[in-house]
Ligand SMILES: Cc1cc2nc3c(=O)[nH]c(=O)nc-3n(C[C@H](O)[C@H](O)[C@H](O)COP(=O)(O)OP(=O)(O)OC[C@H]3O[C@@H](n4cnc5c(N)ncnc54)[C@H](O)[C@@H]3O)c2cc1C
């Protein structure tokens with residue numbers, strides 16, 4: 001696959017805004033995220049503070065974003081990026097067996113509602129996985145646990161049930177779960193999950209029980225930024241940036257909720273625009289070092 005100018009990770013207001021600006025500036029780009037865009041956009045809630053579109057519902061805003069992407073001929077690559085490595089003059093983005101390359105990077109991954117579980121980050125790749133599509137084949141015929149933070153993760157649990165010997169699903173939300181009978185659904189609330197650890201098998205220690213499996217899939221909308229991009233400077237759940245939305249890694253920019261509060265669409269869209277313009281300047285400096 002060809003190396004693009006800009007990889008944008010995230011299909012919320014920040015990532016979409018960055019993609020529109022990058023496209024306007026004639027840069028080649030890939031926009032990674034969900035085909036249905038951000039779960040935070042498409043709700044019934046009314047948004048009253050987005051300039052130019054008054055009193056719009058989340059669903060209407062989502063439709064407007066999708067229409068604009070189509071008009072600008074910007075496809076969404078519907079994959080979850082699980083690791084990103086800075087290779088000096090380019091970035092390698094991994095999604096399971098697939099690798100993508102870009103000269104610079106914009107992170108627009110939003111913030112995850114749930115905190116990481118003690119023992120989770122240390123065991124990624126060693127019995128904890130963030131991506132069912134990527135890692136299911138490693139656990140073919142073996143028992144797995146799935147901690148799902150939103151209803152859309154049920155699709156991943158269903159897929160795992162076709163591959164793994166047993167699937168126990170722990171929904172971290174309150175809406176009803178719809179899964180095949182072969183999947184054991186265990187309503188274990190987030191506050192009851194104490195830690196994940198490796199003791200021959202992976203174990204999940206809860207307040208009143210211990211569960212064992214070969215792999216624990218932790219499925220959230222976003223992976224913590226420090227986990228996603230090794231070496232990235234973070235402060236708590238947020239990526240540290242300056243006013244140009246540059247991070248501590250040359251060629252890596254960030255925008256939206258992932259850079260900190262306030263969590264607002266208009267702030268996310270504005271930062272996406274700034275990040276894309278900064279990425280364009282960065283590429284121009286690389287291409288024309290004398291000017
Ligand atoms: C119920 C609700 C109501 C709200 N109402 C308002 C309001 O009225 N006004 C307002 O201004 N704000 C409101 N907000 C806040 C607003 O939704 C957020 O500020 C905004 O969505 C942030 O946009 P973002 O692009 O930074 O992140 P997000 O919208 O969170 O989008 C991030 C995207 O990145 C994707 N992603 C993350 N990690 C990866 C990865 N590794 N690989 C691929 N894709 C990835 C996610 O799937 C998601 O699509 C509301 C939020 C909620 C939850």
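Rule-based calculations on the coordinates, nothing more; no lab input. These numbers come from a predicted model, not from an experiment. Glycine also receives a Cβ, built like all others from the backbone with ideal geometry; neighbour counts cover every protein chain displayed.
Here each label is just a point 7 Å from Cα along the line to Cβ, and for residue 163 and residue 208 those points are 3.4 nm apart. Cα convex hull, the range 77-214: 129 Å³ per residue, rounded to a whole number. Between the helical axis of 265-287 and the longest alpha-carbon principal axis of the chain there is an angle of about 60 degrees. Here the simple spin-label model places points 7 Å from the Cα toward Cβ, and for residue 78 and residue 116 these points are separated by 2.9 nm.
Calculate, for residue 99 and residue 181, the FRET efficiency according to 1/(1 + (r/R0)^6) with r their C-beta to C-beta distance and R0 45 Å; round to the nearest 0.05. Don't skip to the answer; put the middle values down first.
Details: r = 38 Å, r/R0 = 0.83.
The formula returns an efficiency of 0.75 here.
Annotation: peptides 116-129, 135-148, 250-263, ranked by per-residue average of other Cβ atoms within 10 Å with the highest first, follow the order 250-263, 135-148, 116-129.
Shape summary: the range 155-206 maps onto an equivalent ellipsoid whose semi-axes, from the alpha-carbon gyration tensor, are 20, 17, 7 Å in decreasing order. Using R0 = 41 Å, the C-beta based FRET efficiency linking residue 191 and residue 67 works out to 0.50.
Across the range 203-269, Cα pairs under 8 Å and at least six residues apart give a relative contact order of 17 percent. Dividing the mean sequence gap of close Cα pairs (under 8 Å, 6+ apart) by how many residues the range 121-219 holds gives a relative contact order of 34 percent. For the chain, the Cα gyration tensor yields ellipsoid semi-axes of 34, 22, 17 Å (square root of five times each eigenvalue, largest first, whole Å). Here the extension length gained between residue 126 and residue 49 equals 23.3 nm, from 0.36 nm per residue of separation less the Cα-Cα distance. The equivalent ellipsoid of the range 137-291 has semi-axes of 39, 17, 16 Å, largest first, where each one is the square root of 5 times an eigenvalue of the Cα gyration tensor.
Against the chain, whose longest principal axis is taken from its Cα atoms, helix 13-24 shows a tilt of about 40°.
Using just its DSSP H runs of length 4 or more, each adding -39500 (n - 2.57), the chain gives a mean residue ellipticity at 222 nm of -7000 deg cm²/dmol after division by all residues. Take the Cβ atoms of residue 173 and residue 138, set R0 to 30 Å, and the FRET efficiency comes out at 0.70.
For the range 181-204 versus the range 96-166, the inter-centroid distance based on Cα atoms is 14 Å. Our summary gives the chain a relative contact order of 21 percent, counting only alpha carbon pairs under 8 angstrom and 6 or more residues apart. Measure nothing fancy, just the Cα-based angle from helix 58-71's long axis to the longest principal axis of the chain, in degrees from 0 to 90, nearest 10. The angle comes out near 50 degrees. Overall size of the range 83-124 from C-alpha positions, given as principal axis extents largest first: 34, 21, 18 Å.
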